[in-house]
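Scroll down for the structure; my scribbles are underneath it.
The values are calculated or read from the model by the stated rules, or taken from the named source; none is laboratory data. Keep in mind that this is a model prediction, so the values were computed, not measured. Virtual Cβ from ideal backbone geometry, glycine too; neighbours counted across all protein chains shown.
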Amino acid sequence: MLSLSREHHVALVMARTARRAASENENDVMARSAAMTAAVASIEAHWHTSMAAHFEKEERLMRIARDTLDPQTVTRILAEHAELRILAAGPCALEPAARLRRFADLISAHVRHEERTLFPQLQSHPCVADADS
């Protein structure tokens, strides 16, 4: 779980950057547009370099421990992963500021929920410690 928690720190930093890009320079349209474009590009790059693999690892661990996990937690995590894939993986129907705000809000809440709810449940499963590598 430690490696996943470390990756969560990066996600929280990205959330802060996305939130700032969506709200800063509201009077300077060109600067705001450039900041939002850079933030979206950073999120998309991070998706391809690590976030997709991070989600796959979490989902693999949830499959291993599914018999002991709270079903509502599993449903919530999988639904959030699906929405985050849409927000992070490439073209999105939302305009950039709305996309960045939604990504920031969702990834922040998602990380908190995993750290406080999912990870303790996973750590209590006897097979997860062996699989968490």
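Just a few scattered comments:
- Looking across the stretch 38-55, the residues that are closer than 15 Å to Gly90 by Cβ and small (Gly, Ala, Ser) come down to Ala39, Ala41, Ser42, Ala45, Ala52.
- Failed item in (1) farther than 30 Å from Glu24 by Cβ; (2) without any contact (Cβ under 8 Å) to a residue 24 or more places away in the chain; (3) exposed (fewer than 13 other Cβ atoms within 10 Å of the Cβ), with Val74 passing the rest: (3)
- Output for the stretch 55-93, where each listed residue is aliphatic (A, V, I, L, M), under 29 Å from Ala22 (Cα atoms) and modelled with pLDDT of 95 or more: Ile77, Leu78, Ala79, Ala82, Leu84, Ile86, Leu87, Ala88
- Some residue of the stretch 37-46 being in contact (Cβ under 8 Å) with a residue 60 or more places away in the chain, surrounded by 17 or more Cβ atoms within 10 Å (Cβ to Cβ), closer than 23 Å to Arg76 by Cα and in contact with a helix residue (DSSP H, G or I) (Cβ under 7 Å, 6 or more places away or on another chain): yes
- Pairs with Cβ under 6 Å, 6+ apart, first in the stretch 1-24 and part of a helix (DSSP H, G or I), second modelled with pLDDT of 95 or more and polar (S, T, N, Q): Ala15/Ser108
- Residue that is nearest to the chain's Cα centre (by Cα), among those in the stretch 69-78 that are over 19 Å from Ser50 (Cα atoms) and part of a helix (DSSP H, G or I): Arg76
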